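The values are calculated or read from the model by the stated rules, or taken from the named source; none is laboratory data. Nothing here was measured: the structure is a model prediction, and the numbers come from that model. Methodologically, a virtual Cβ is constructed for each residue, glycine included, from the backbone with ideal geometry; neighbour enumeration extends over all protein chains shown. With ligands, DNA and RNA removed, areas are computed over all heavy atoms of the protein, side chains included. Shrake-Rupley method; radii C 1.70, N 1.55, O 1.52, S 1.80 Å.
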Amino acid sequence: MNNFSYQNTTQIHFGQGQISAITNSIPKDKKILVTYGGGSIKSNGVYDQVVAALKDHTWDEFSGIEPNPQFDTLMKAVEKIRAEGFDYLLAVGGGSVVDGTKFIAAAVGFEGDTWDILAKGADVNSALPLGCILTLPATGSETNIGAVVTRGKEKLAFMNPLVRPQFAVLDPQTTLSLSERQTSNGVVDAYVHVMEQYLTYPVNAKIQDRFAEGILLTLIEEGPKLIDNLQDIEARTNVMWAATQALSGLIGVGVPQDWATHMIGHELTGNFGVDHGRSLTIVLPAVMNVCREEKKAKLLQYAERIWNITEGSEDERIDIAIEKTKQFFSQMKTPVSLGEIDLTQTDVDTAIASLEAHGMTKLGEHGSIDIARSRKVLEVAL
Ligand code: NZQ
Ligand code: ZN
């Protein structure tokens, strides 16, 4: 196991009815800006619960943060905050609202072009405090330090401990209004987050491996229950906690990490508007295939511990594990090839050109996925 320092300071309020906990989690003397998306929180009762919980606070709101949050929209919130002097942010929604709010928090006090935070990794030395109420389990953004922001076709990330939410409300009841598509997108996103931190090479990190496998098995067990019944609150509850743990940082300490699937997937989202989760289910099986040599030991462990595959040659076991992974994604009604979403060789060329333009030329846990191998990945995914 590699050395690590670990701290996750987000206080989690988990369970039904926990939105009321924000009353005490946000100091009364703060002027709060509540941020949200396109209105799902108005139709599922979450907004009303926020209003009730903040009845003795001073607050205003900023709505319209899109899925794959847009830089220009977020900058409107930054201007509002600078003009009106808010000093606490409350994000209410999915990963896009949480990510967008993290960017807003970092951008408010930033001097210079705020796009540099994403495009140039510019130093962020201060950020407004923020908390969140998560309504879509998927990204792990609710307790982590990352955020992804989109500007035109550019989809870029930044990380900074200053934007880690101070608290996260995780009330599974808020997820009952998710469509089948958003539900399955979330399940597979969490699954791939685990794979990015697990499917690399062994460093004898037994706790990380077993935790990771526990999350994968939970998602395999609970995800399909939601396809059968979107109102299954028990499954909603387990999926919510699984998704948070998939990217809270815990399973990623002391182990190598990959993230090639995400980086290649981001180009499918940026160029063709593919949902984040669906971009991953297309790319991951192809990454498993193309990187089967360097990932061999972990692929075999994954095959055995997740899918009970113990017979056949190494290559056969790996092939079956990839097939099982695809079957799970298909069961979750997400695509496992570019063809399924009508993308072709020309689109591969486009995605690869922008991957190169973004400097993503040494991906994977060994930095060994160059542009030629990324192209191979997308061609295998055709
Ligand atoms: O905007 P509203 O009206 O709220 O509707 C949203 C949105 O249309 C809707 N929704 C959310 N909660 C709902 C609901 N609809 C009904 N009931 C509810 N309870 O769902 C739609 C999608 O929401 P979005 O926030 O975009 O989805 P998700 O949580 O999957 O977030 C995706 C974004 O997170 C980034 C992705 O790249 C993408 O931009 N990621 C962030 C990460 C991080 N911060 O660590 C890691 C991830 O890998 C990912 O890259
Ligand atoms: Zn993701």
**Item:** Those residues of region 260-287 which are away from ligand 1 (no atom under 11 Å from the Cβ) and either open to solvent by 20 Å² or more (accessible area, probe 1.4 Å) or touching a strand residue (DSSP E or B) at 6+ places or on another chain (Cβ under 7 Å) (or both), in sequence order
**Value:** Ala260, Asn271, Phe272, Gly273
**Request:** Examine region 215-236 for a residue that is within 13 Å of ligand 1 (Cβ to nearest atom), surrounded by fewer than 20 Cβ atoms within 10 Å (Cβ to Cβ), assigned by TED's automatic domain parsing to the domain that holds Ser354 and under 17 Å from the mean Cα position of the chain (by Cα), and state whether such a residue exists.
**Result:** no
**Asked** Is it the case that region 344-357 has a residue that's in contact with a helix residue (DSSP H, G or I) (Cβ under 7 Å, 6 or more places away or on another chain), part of a loop (DSSP other than H, G, I, E, B) and outside the structural domain of Arg151 (by TED's automatic domain parsing)?
**Response** no
**Request:** Out of Leu343, Leu300, report the one residue that is open to solvent by 10 Å² or more (accessible area, probe 1.4 Å) and touching a residue at least 40 places away in the same chain (Cβ under 8 Å).
**Result:** Leu343
**Complete:** Counting only residues that are within 16 Å of ligand 2 (Cβ to nearest atom) and either free of Cβ contacts under 8 Å to residues at least 12 places away in the same chain or assigned by TED's automatic domain parsing to the domain that holds Gly277 (or both), region 77-94 contains a total of 0
**Message:** For region 79-93, give me the residue count where each residue is in contact with a helix residue (DSSP H, G or I) (Cβ under 8 Å, 6 or more places away or on another chain) and over 11 Å from Trp59 (Cβ atoms).
**Reply:** 4
**Item:** Condition check for Tyr201: surrounded by fewer than 20 Cβ atoms within 10 Å (Cβ to Cβ) and among the hydroxyl-bearing types (Ser, Thr, Tyr)
**Value:** yes
**Prompt:** In region 152-179, what residues are within 11 Å of ligand 1 (Cβ to nearest atom) and of a type in the set (D, E, K, R)?
**Reply:** Lys155, Arg164, Asp171
**Prompt:** When you look at Ile12, is it surrounded by 20 or more Cβ atoms within 10 Å (Cβ to Cβ) and β-branched (Val, Ile, Thr), yes or no?
**Reply:** no
**Prompt:** Could we say that Ala260 is closer than 19 Å to Leu299 by Cα and among the small types (Gly, Ala, Ser) here?
**Reply:** yes
